[in-house]
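One structure below.
The values are calculated or read from the model by the stated rules, or taken from the named source; none is laboratory data. All figures in this text were calculated on a predicted structure; none of them were measured in a lab. Using ideal geometry, Cβ is built from the backbone for each residue, glycine included, and neighbour counts are taken over all protein chains shown.
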Amino acid sequence: MDLEAMGDLVLHTILSNLTPKDTAIAACVSNKLKSSASADILWSKFCSQELDLNEPIDPLGNPTPSFKACYQAWLEAFSMYPWPLVMRVKRSEATLCKGVSEVEIQKSERILKLKLPLPTRILYRFCDGQEFKSPGGAGGSLLGLIGGYSFYTHLVNVFLLPLNVAVLKTKEIIRQIGLSSRSQYIVVAASYTESEKVFFLNCITGQLHVGTVNLATEGEMIPCVPNVLISSVHDSNENGMIKLREERGTRSISLFPEEPPFCSTAITNRVKVRASAVFVPEIADLEDERRKYTFSYSIRMSLLSEGCVINGIPYSSCQLQRRHWIICANDRVESDVNDEAVIGQYPLLLPGEKEFVYESYTPLPTSLGSVEGFFTFVPCRLADPKGAPFEVEVARFPLQLPDYIF
Amino acid sequence: MKFCTVKQYFDDENNNNVTNGIATTVIPLPNKHLKIKANNKEMEQYEQELLRNVMPQELTKLILAANYLNFKEALDFFCRTVANAIQNKSVDYVRKFFGLESDFEPGEEEKLCKEFAWSFEGVDED
């Protein structure tokens with residue numbers, strides 16, 4: 001490939017199609033590439049796209065000499081976190097509010113008649129939660145930093161509440177539930193959607209709790225760290241447990257696990273199925289023996305790029321016909337479902353396309369269980385099947401309370 | 001309107017910039033594009049087919065042709081192809097691809113690799 005003959009403009013056009021990583025690699029190749037790859041216009045695009053920055057400012061707010069230096073500064077400062085998550089949080093920074101003053105914290109404590117634990121005070125001094133802008137807008141309600149999930153009509157996405165909102169919500173709920181004003185609970189995070197999910201901080205124990213379906217009537221809550229093991233959102237992100245999910249044009253933090261052992265993967269006849277579940281505390285009903293715990297599960301299916309091959313015969317597509325689930329509670333079969341479609345749909349899989357994802361849920365009488373089963377697919381299409389139906393395995397995935405309930 | 005230079009090309013008898021072989025590839029592109037204009041995916045597939053058989057040397061000629069003919073869409077497309085070809089590849093691979101040699105001062109290259117150490121993670125093996 002003759003670079004010299006092509007000229008600088010062509011070289012620049014090639015480079016402008018590269019990712020920051022590949023641009024950096026190009027800079028290490030030769031002097032000519034180094035000078036083209038260092039063009040600040042390339043790096044200003046990266047800063048704008050990935051970090052929402054229109055000026056070269058480092059994480060501490062100081063100006064840097066170039067956009068290239070700026071990008072490097074951010075990379076270095078956040079090198080201990082997965083970059084996609086850093087980008088995500090930086091872009092939703094618009095919703096994070098500046099910290100409150102010591103005076104405001106004391107005022108809130110007086111109103112609620114409690115004392116915030118030290119780490120929580122410091123948190124509010126630096127960052128007063130997330131501002132929620134549009135009460136009706138679907139896009140805005142998915143920017144919660146704690147993340148969430150959705151299945152059927154149940155949608156939650158949890159935001160960190162600003163202190164003044166936390167105070168209001170706490171007073172409202174305490175009145176609703178009839179908790180004594182000496183209860184020492186403060187609402188710290190909640191979902192701004194129709195489905196309610198509320199997180200409480202117990203100011204005496206420092207423990208976080210999440211309300212169940214009986215919150216309004218009984219004040220029922222589940223501690224977020226049932227085994228008193230401290231994990232963190234950060235740890236979960238480190239090993240890829242929690243990822244970003246693109247849905248309806250907005251990216252949100254999805255709590256469905258993405259890695260084994262909580263996410264299972266199986267490939268049959270080149271159809272790949274991944275499955276994992278998340279505990280839904282706000283629907284849990286500790287008073288109901290049969291439906292105490294509810295788990296939502298997310299199934300992702302795709303056809304590998306070589307297409308479907310059954311008994312040596314290749315097919316360019318396949319379509320789902322039926323599902324067969326075996327749901328176990330503590331190793332005992334709880335339900336055995338054999339029915340058509342999934343959430344009323346018959347997904348058609350084409351080779352190499354993005355995964356078809358859907359969510360559903362199942363109640364369980366115990367906090368530990370599993371789901372496994374298989375889908376029945378037909379080669380080509382349901383309207384025009386080119387062969388006999390075949391079964392695609394859904395490998396067993398666990399239903400269990402996580403170490404840390406979000 | 002896409003071919004300001006084409007008229008010139010046909011008027012010019014001794015034209016070294018665009019050989020016949022290349023012309024037959026590049027020139028039909030806009031017509032095909034118009035035909036499949038609505039369907040981006042088909043265009044992508046057509047383009048992939050076209051380029052599966054093209055070696056890097058040919059790609060240089062295609063780019064030069066598109067440049068000379070002032071055919072922006074084709075130029076952008078060929079450049080994207082080059083970018084895809086070097087996606088997630090090592091420094092050595094990119095060097096070989098472009099037929100370049102390292103012309104850095106001793107020690108300069110190490111300095112650069114240190115500065116951009118973050119970009120070497122997860123790169124494809126050569």
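Given B:77, B:97, B:104, which one is facing chain A (nearest Cβ under 7 Å) and in a helix (DSSP H, G or I)? Step by step, each of B:77, B:97, B:104 is checked, and only B:97 is facing chain A (nearest Cβ under 7 Å) and in a helix (DSSP H, G or I). Return the residues of the stretch B:110-119 that are assigned to a helix (DSSP H, G or I) and within 7 Å of another protein chain (Cβ to nearest Cβ); say none if nothing qualifies. Hits for the stretch B:110-119 are B:112, B:113, B:118, B:119.
Just a yes or no: is a residue in the stretch A:86-106 within 14 Å of another protein chain (Cβ to nearest Cβ) and surrounded by fewer than 15 Cβ atoms within 10 Å (Cβ to Cβ)? No: zero hits.
Considered as a group, the residues in the stretch A:61-87 that are in a loop (DSSP other than H, G, I, E, B) and out of contact with any helix residue (DSSP H, G or I) (no Cβ under 8 Å at 6 or more places or on another chain) include one that is nearest to residue B:88 (Cα to Cα), and that residue is A:80. Taken together, A:233, A:225, A:187 contain a single residue that is of a type outside the set (Phe, Trp, Tyr) and modelled with pLDDT of 80 or more, which is A:187. Among the residues of the stretch B:84-94, those that are at the interface with another protein chain (Cβ under 7 Å from one of its Cβ atoms) and in a helix (DSSP H, G or I) comprise B:91, B:94.
Of the strands (runs of 3 or more DSSP E) lying entirely inside the stretch A:279-318, those containing at least 2 residues that are touching a residue at least 40 places away in the same chain (Cβ under 8 Å) and of a type in the set (A, V, I, L, M, F, W, C) span A:293-303, A:308-310. Across the stretch A:107-152, the qualifying residues are those that are at pLDDT 80 or above and among the aliphatic types (A, V, I, L, M), and the one among them that is surrounded by the fewest Cβ atoms within 10 Å (Cβ to Cβ) is A:111.
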